[in-house]
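The values are calculated or read from the model by the stated rules, or taken from the named source; none is laboratory data. Quick caveat: nothing in here was measured; it's all calculated off a predicted structure. FYI the Cβ positions are ideal-geometry reconstructions off the backbone, even for glycines, and counts take in every protein chain you see. Note: accessible area is taken over every heavy atom of the protein model, side chains too, but ligands, DNA and RNA are not part of it. Shrake-Rupley method; radii C 1.70, N 1.55, O 1.52, S 1.80 Å.
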Amino acid sequence: MTFVKNHALKIILLIAVILRLCMLFVFSDIFNFVESEAIHGSDAYDVYATNLLETGVYGRTSGVPDALIPPMYSYVLAGVYAIFGRGFLQVGLFHILLDIGTMLLLYEIARRLFSGANIQEDADGTFLGIETNRWVGLLAVLMMACYPYLIFQNLTLIDTPFWMLMLHLFVWLMILLRDEPAGQRVWLLAITTGLALGIATMARSITPPLALLGALWFTFRLSWWESFKRLLPVAIISVLCVVPWIARNYIVFDTFIPMSTTSGSNLYQGNNEFVVPLMEAGYDVQWTAPDPALLEGAETQREQDAIRTELAVQYWQDNPDELLPLFWTKFLVQWSVEITPRLNPQFGETFALDDDGQLIVNRGDESIEGVNEANVAYNGGLIDTVGRPVHIFYFGSLLFLALMGFLLSLRYWREVSWLWFVQISFTFMYVLFHSSTRYRVPTDPMLFIFSAYGLLFVLAMLQTMFTLPSAKSASADMT
């Protein structure tokens, strides 16, 4: 028992690695994109990485530069391909390492934010011989380690595991930066935090709003002036990280492009007349696109993206009564205990709306642009019969415990509110654009910190109520 207590984190990490390796090899026919030629995740990253190695040009069309998606993960993936070759094993093993790094950071985040927590007021801050904050960290890591949906998603070819690592690194560094006594180390932490924020932004451009809420969180413990001094270098360094990419875009496209030329597309996808009908029917809104005639005359990607932005804003202006149902539907999709979307379009299907705004699925020879074998594969089979029910039980249970943990931890609000801001920031951004389970999942591990605290409270109550023999011996050891 002492060995387990002393090496609990290592044991959990080993479990995480074993589960991921088993998933990778058991379902190798799904993950092996080289043999199947069907990439689960996003084929764009594979194309960008391959083109980078072959031509040195960042572009989806070989040798033609573009800025369709944030560049960081494509460059990282190109590095993996250059060193280890292109293959699903290389990607899978790399992503497992990234997950382990995220778990270590998750443990430290929980341990530090709950450092003053005591699950039993009459005890000395321990439960079954382990400090409350360490228990919270261990349970949160275990919940992430065994999270079926996240295991599967992070073994596909997608930017999620890399962005998760950088996001958790930024969250952890912000904790260190706020708690560090005044001195030279503050400047080193501020620079490192700025680098983490900049890199995370280059992976997903929705990260900066969290930094603004982080500034507010600093003032819960520090003065406004002290918070400003510590966070100013973070802001400067993070901006400097993005400057080379902005300069490259200006040189290539002769216009200001802060990150990508698809922000307008993402905004339009989540804000048009198809969104509510599609989501209520169980589909993702990524399959919506404006009438091609509306894009006529727009010669560049930047101009087309600007038109899509204008169309989304115009939809808001023309339909003020529909905004509340629109955002509420996206919020429910974001936080559904089901895997959303529930359905994917099949080959030969197109969408339309009837006179009442209800979704019509037309079936014929024409298919929605972008539908491929990987999309079609997610309908039916083990995913529907096993995967979705397991996810409902797993995430649903942890969401209930998280709500309990949130209420129980309110007395530590000055610390744990940093975790609230993580959820608030990304929920707002995805509800503004468009939402789904895969967009929420990267922040689920930090939600599980509250789940862990809620579960710990339940275990402490059971110990008190039933006075289990193991609990008696553990209590004796503590005294």
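Check whether at least one residue in the stretch 239-254 is within 23 Å of residue 318 (Cβ to Cβ), open to solvent by 50 Å² or more (accessible area, probe 1.4 Å) and not basic (Lys, Arg), and report yes or no.
No - not one qualifying residue is present in the stretch 239-254.
Read through the list (1) modelled with pLDDT of 95 or more; (2) of a type outside the set (Ser, Thr, Tyr); (3) under 23 Å from the mean Cα position of the chain (by Cα), then give the number of the only condition that residue 282 fails.
Against the list (1) modelled with pLDDT of 95 or more; (2) of a type outside the set (Ser, Thr, Tyr); (3) under 23 Å from the mean Cα position of the chain (by Cα), residue 282 comes up short only on (1).
Give 66, 46 a once-over and let me know the one that is modelled with pLDDT of 95 or more and either part of a loop (DSSP other than H, G, I, E, B) or touching a strand residue (DSSP E or B) at 6+ places or on another chain (Cβ under 6 Å) (or both).
None of the other options fit; the residue is 46.
How many residues, within the stretch 62-108, are among the aromatic types (Phe, Trp, Tyr) and without any contact (Cβ under 8 Å) to a residue 12 or more places away in the chain?
The qualifying residues number 1.
Only one of (1) in a helix (DSSP H, G or I); (2) small (Gly, Ala, Ser); (3) out of contact with any Ser or Thr (no Cβ under 9 Å at 6 or more places or on another chain) fails for residue 59. Which number is that?
The number of the failed condition is (1).
Within the stretch 381-396, does at least one residue satisfy the condition of being more than 23 Å from residue 206 (Cβ to Cβ), of a type in the set (Gly, Ala, Ser) and at pLDDT 95 or above?
Checking the stretch 381-396: at least one residue is more than 23 Å from residue 206 (Cβ to Cβ), of a type in the set (Gly, Ala, Ser) and at pLDDT 95 or above.
For the stretch 278-291, what are the residues that are touching a strand residue (DSSP E or B) at 6+ places or on another chain (Cβ under 7 Å) and open to solvent by 20 Å² or more (accessible area, probe 1.4 Å)?
281, 287
Counting only residues that are within 26 Å of residue 218 (Cβ to Cβ) and touching an Asp or Glu at 6+ places or on another chain (Cβ under 9 Å), how many does the stretch 153-167 have?
So the answer is 2.
May I ask you to list the residues in the stretch 218-230 that are more than 24 Å from the chain's Cα centre (by Cα) and either open to solvent by 50 Å² or more (accessible area, probe 1.4 Å) or not hydroxyl-bearing (Ser, Thr, Tyr) (or both)?
If the condition is that a residue be more than 24 Å from the chain's Cα centre (by Cα) and either open to solvent by 50 Å² or more (accessible area, probe 1.4 Å) or not hydroxyl-bearing (Ser, Thr, Tyr) (or both), then 220, 221, 222, 223, 224, 225, 226, 228, 229, 230 are the ones that fit.
I'd like the full set of residues that are open to solvent by less than 70 Å² (accessible area, probe 1.4 Å) and modelled with pLDDT under 50, limited to the stretch 448-479.
471, 473, 474, 475, 476, 478
Would you check which residues across the stretch 1-43 are β-branched (Val, Ile, Thr) and at pLDDT below 95 and list them?
Matches in the stretch 1-43: 2, 4, 26, 30, 34, 39.
Can you spot a residue in the stretch 235-246 that is small (Gly, Ala, Ser), outside any loop (DSSP other than H, G, I, E, B), modelled with pLDDT of 95 or more and within 17 Å of the chain's Cα centre (by Cα)?
Within the stretch 235-246 (the criterion being small (Gly, Ala, Ser), outside any loop (DSSP other than H, G, I, E, B), modelled with pLDDT of 95 or more and within 17 Å of the chain's Cα centre (by Cα)), the answer is no, since none of the residues qualifies.
Given the condition modelled with pLDDT of 95 or more, in contact with an Asp or Glu (Cβ under 8 Å, 6 or more places away or on another chain), more than 30 Å from residue 2 (Cα to Cα) and part of a helix (DSSP H, G or I), answer yes or no: does some residue in the stretch 142-152 qualify?
Checking the stretch 142-152: at least one residue is modelled with pLDDT of 95 or more, in contact with an Asp or Glu (Cβ under 8 Å, 6 or more places away or on another chain), more than 30 Å from residue 2 (Cα to Cα) and part of a helix (DSSP H, G or I).
Looking at (1) within 23 Å of residue 360 (Cβ to Cβ); (2) surrounded by fewer than 18 Cβ atoms within 10 Å (Cβ to Cβ); (3) modelled with pLDDT of 90 or more, which is the one condition that is false for residue 294?
Exception for residue 294: condition (3).
Testing residue 110 on (1) at pLDDT 95 or above; (2) closer than 30 Å to residue 243 by Cβ; (3) of a type in the set (A, V, I, L, M, F, W, C); (4) out of contact with any Pro (no Cβ under 9 Å at 6 or more places or on another chain), one condition comes back false. Which one is that?
For residue 110, the failing item is (2).
Condition check ((1) open to solvent by less than 50 Å² (accessible area, probe 1.4 Å); (2) closer than 27 Å to residue 22 by Cα; (3) free of Cβ contacts under 8 Å to residues at least 24 places away in the same chain; (4) more than 16 Å from the chain's Cα centre (by Cα)) across all residues:
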| residue | (1), (2), (3), (4) |
| --- | --- |
| 156 | yes, yes, no, no |
| 171 | yes, no, no, no |
| 194 | yes, no, no, yes |
| 202 | yes, no, no, no |
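Going through 100, 109, 83 one at a time, which residue ends up being buried (at least 21 other Cβ atoms within 10 Å of the Cβ), part of a helix (DSSP H, G or I) and of a type outside the set (Phe, Trp, Tyr)?
109
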